[in-house]
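Report on the following structure.
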């Protein structure tokens, strides 16, 4: 059975689905190779695996909500831009953190091989679809979203 072109997801929806799939792989790498312990050793935060999983479940839920909204409502496909920007920043942050600490920051492999290229691909695709101002707004929102990652970790470790 073949899928008709009209029933296939468009490019931004497909990129959104890739965001979710790569998020799962990224969290698997971070958890398997001990990102909470690495972060605690390099930041001094008491970052437990439980807090790590709770925060990432929340972030994954936010990402999934954005992707599903884009599947249901064409204008909401723009949400892939800030989400793609956030993963681009996260992948880059793993590279920078590894260089600064001269150590392996768990998440470095998926951040470098999946998230940096995917984030760049999303921004390039967005430039073909939306105005420069719209793309810039998405990138700025994505940067703001990524700031919530370390801020949430800091707040979660302070609440203990």
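The values are calculated or read from the model by the stated rules, or taken from the named source; none is laboratory data. Bear in mind the structure is a predicted one, so any value in this text is a computation, not a measurement. Glycine gets a Cβ as well: all are built from the backbone with ideal geometry, and neighbour counts include every protein chain shown.
For this structure, a couple of remarks:
- Matching residues, the stretch 93-133, being exposed (fewer than 14 other Cβ atoms within 10 Å of the Cβ) and in contact (Cβ under 8 Å) with a residue 12 or more places away in the chain: 101, 103
- Conditions (1) buried (at least 18 other Cβ atoms within 10 Å of the Cβ); (2) within 19 Å of residue 24 (Cβ to Cβ); (3) free of Cβ contacts under 8 Å to residues at least 40 places away in the same chain: number failed by residue 67: (3)
- Filtering the stretch 135-160 to residues that are under 20 Å from residue 15 (Cα atoms) and either out of contact with any helix residue (DSSP H, G or I) (no Cβ under 7 Å at 6 or more places or on another chain) or free of Cβ contacts under 8 Å to residues at least 12 places away in the same chain (or both) leaves 136, 137, 140.
- Residue in the stretch 140-155 that is more than 16 Å from the chain's Cα centre (by Cα), surrounded by fewer than 22 Cβ atoms within 10 Å (Cβ to Cβ) and modelled with pLDDT of 95 or more present: no
- Within the stretch 7-36, considering residues that are farther than 19 Å from residue 116 by Cβ and out of contact with any helix residue (DSSP H, G or I) (no Cβ under 8 Å at 6 or more places or on another chain), the one surrounded by the fewest Cβ atoms within 10 Å (Cβ to Cβ): 7
- Qualifying positions in the stretch 119-136 - more than 22 Å from residue 18 (Cβ to Cβ) and within 19 Å of the chain's Cα centre (by Cα): 136
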